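To start, the structure itself, in structure tokens.
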Amino acid sequence: MGVKGLQHFMDSCCPEARVTVHLREMAKRQRVCTSTANVPSATLVVDGMACLRHWYTCKDWVCGGQWREYMDVLKGWVEAFTSAGIRLVFFFDGVVEDQKRQVWVKRRRRVNGEISKMFRHMKAYGEQPGTELFCLPSGLATFTCFALRSLGQNVFCSVQEADYEIASYARQHGCMGILGQDSDFIIYDSAPYLSVAKLRIDSLTTVMYDRQRLCRAIGLTATQLPLLACLLGNDVVSEEQMQHIRNNAIATYRTNNPAPHCGAPQGQKVHAVSQLVSSLWGREKQEPGFIPQSVNLSAPHRELLKKGVRSYLLLGQDASQRGDISATPSAFEKHVSPQILKACREKHIATEGFMVYSVVCQGVIDCSNTLEDEEDSELLPQALVYKPCRQRMYGLLLLRGHEGSSVDLPAIREWFVYRGNPLKEPDMVHPVPVRLPCHQPSLDLLWFGTGPEVPTLRLMSFLSIFDCQEFSDLHGDIEDALLAALCLVTYIVLQVQTLSQEDIDAYLSQAVCLRLKSPDELQHIKLPVVSSRAVQLGSLYVRGLGNLLGANCASGSPLPGAALMPWHSFDGRLFHSKYLLAHGGTEAAVLLESDSSCLSLFIRLRERLRETCGKRGRVLRSRPHAPERGPRVPPGTGYRERHAGGTMDWRERGETKGGHRHGGGRRASGEASGPPSECDSRERAWQRGHFNPHPGSYPYGHDGGAQNTRRPQIQSRGRTHLNRGRYTAAPRQQQCGNRCSSSWS
């Protein structure tokens, strides 16, 4: 939620409401005041969604996420609190309530505009945009829940408004505070509101926004704060709906106070509305949710205002508010057993599952913005790429007993952000049965069965969702994370016809090489140029991991959840470097860093992928993509500061530090025999106008630092001992007949 303008008012116009606090000392006082000095820790409730921007401090964010580095950040953050005797409890948003949907849509459209600017910047300058266009990596919230659980933390996913659950938990458990960045927390009658934006993790100091001090500053009582919040505007009562009341209040305030209070319009607005509330509502104790009769509102707006005020009343403060939601009927309760319904809710709250609660219990699922280029018609949006696997997952969850009948077939309401979707209404998506050699097993058998056949049923159900049943023999033979990566890449190839052999080589090589990389090595990878296409493919992969997670949960968890986490199978910077190398014609041996075991595993995975795709008529071809443009000088940047070095082609600069030795070997051509693909008919036209075989040279790496411009020695075979830890590119070979770029409409 959030009260419009109140946070800014407290930060800029009301210094008396802000108090610097030392969390270590707060924790000590909390244990003494609650007579629990023998308890080793006090509890701090953390709004996880508000912390994401502060946790993700990794340098690269457009490439898909630096997940291992991010895990180290989370670990250090948690340890700072636990060493101070502070127990952390995390909450994350688990649903979007119907009354908040239009606010959600508005925010998604705004972020889409920012993402479009990001891609235009990358295509113009070949680099990551500045912090003014920062956007969190796709899927960060989802995987952060699992990351914190893996660190032994208490993590909850909300089944209603997350702010409400946070405030309720903090009040019921006598917590020392709520760490977040949402002005609603000063409206709730709960624990003290502590700012994560002002947090100094080294000293564990931050700013506390004091409810009583705020009330004294604006002349209100604590019970009047909910009405103030609704008149200012929040996610229940919009600013527009109460605009006429605020206008009248501000006009009256300015008449009575000719000298602008606090000198800022925001200060005038809050003080004006506060005076209105005080004049309308006496200081005597009123019933919860009371709205003064003198408020000039239409009947519908009065009811809306009453609803907004009551949304701030926690359990025990209003008997009619927020009943037992565990008794709320499921959207599809007739399609699943009561035991499944109970398990769905429990898994959701404990962040042990993903997607199943939203599908089975709510019948609605949503996905926020993804780093996708709306101007790129070649690559499908992730929402459409993964729609078939979602439909099969829905089928596994809901089609028990339907036997192919379309009568009373359930439909899931999908709110997914993608190109061309105005988000005016949800997409209605029907489930599709999974294809298994036997009859579809019941969900109760998959989730609770203990027979010897159940593990195989679970695995086959999972693989069938991604049309990868042939990979069942690899289970137990290769690492679970690699099996998941192979399933995901194969599925992407089958769905996206414009993916090339180079794309597949980049996906698989990074998954294989990641196993041997330390976080420090990953941080020191240098990117000579940022490709917008690689950015989109990186986000597509991470979104796919989320779908793997949902399918695994729906199938009864045949794979351990850890195998589906991005820090075990994906690093954005590593993938980006592999993408540049693969599309630059680098030999497979060099792509796999001259590690024979990695190369052997890579070839094995690639052959299984090709074999599976071939059975389905999907032919992979080599179609190298050059980056759209080289790094150009942004406005206001001195040319000499940016280009004061030698030259080096981008194909030779997808490099790492601290890696294995690199050598030569035969270049994997990536060619496959078979009939021409659909995009072959567009190949020659694309070649004539859209491919630049000689992209410019770029003397600087992604971080802006000067690089060694001496061309490294290239060997065709064997290991090279020069430039240890650096990728080198193999000579270009003739590829004039294998370049095309298909469009999708």
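The values are calculated or read from the model by the stated rules, or taken from the named source; none is laboratory data. Only a predicted model underlies this, so the values are computations on that prediction, with no experimental measurement involved. FYI the Cβ positions are ideal-geometry reconstructions off the backbone, even for glycines, and counts take in every protein chain you see. These area figures cover heavy atoms from the full protein model, side chains too; ligands, DNA and RNA do not enter into them. Shrake-Rupley method; radii C 1.70, N 1.55, O 1.52, S 1.80 Å.
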Residue separation times 0.36 nm, minus the C-alpha to C-alpha distance between residue 611 and residue 8: what's the value?
211.2 nm
Long pairs among 4/387; 100/347; 306/347; 4/123; 106/269, criterion Cα-Cα beyond 32 Å
4/387; 306/347; 4/123
In nm, what is the difference between 0.36 nm times the number of residues separating residue 296 and residue 114 and their Cα-Cα distance?
61.6 nm
For residue 43, what residues show an amide H to amide H distance below 5 Å, using hydrogens built from the backbone and excluding near sequence neighbours?
87, 176
Which residues' amide hydrogens lie under 5 Å from the amide hydrogen of residue 527, considering only partners 5 or more residues apart or on another chain, with H built in the peptide plane?
702, 703
Sorted on mean Cβ neighbours within 10 Å (highest first), peptides 210-223, 180-193 come out as 180-193, 210-223
The range 461-612 - Kirkwood radius from inverse mean 1/r over Cα pairs (Å):
15.5
Residue 278 label point, 7 Å along Cα→Cβ, cut-off 16 Å on backbone N: hits in the range 203-220?
212-220
Where does the range 437-479 land on Rg/Rh, using Cα atoms and the Kirkwood Rh?
0.97
By average Cβ neighbour count within 10 Å, what is the ranking of 417-429, 85-97 from highest down?
85-97, 417-429
Suppose we take every Cα in the range 166-235 and form the convex hull; what volume per residue is that in Å³?
100
How do 142, 450, 131 rank by accessible surface area computed with a 1.4 Å probe, from largest to smallest?
450, 131, 142
For 483, 494, the accessible-area ranking with a 1.4 Å probe, largest leading, is 494, 483
Pull up the cross-link candidates among the aspartates and glutamates for residue 342, meaning alpha carbon to alpha carbon under 19 Å and not fewer than 8 places away within one chain.
324, 333, 352, 444
In nm, what is the difference between 0.36 nm times the number of residues separating residue 154 and residue 515 and their Cα-Cα distance?
127.1 nm
Return the sequence-ordered ³J(HN,Hα) values of the range 300-310 in whole Hz as given by the Karplus equation 6.51 cos²θ - 1.76 cosθ + 1.60 applied to θ = phi - 60°, using x for Gly and Pro.
x, 5, 5, 5, 5, 5, 5, 5, x, 5, 5
For the range 532-612, Rg(Cα) over 2.2 N^0.38 Å is 1.25
Using the Cα atoms of the range 327-443, I'd like the radius of gyration and the largest Cα-Cα distance, Dmax, both in angstrom.
15.5, 47
Starting from 0 in steps of 10 Å, tell me what percent of the Cα-Cα pairs of the range 158-277 lands in each bin.
12, 37, 33, 15, 3
By accessible area of protein heavy atoms, probe 1.4 Å, what ranking do 517, 75 get, highest first?
75, 517
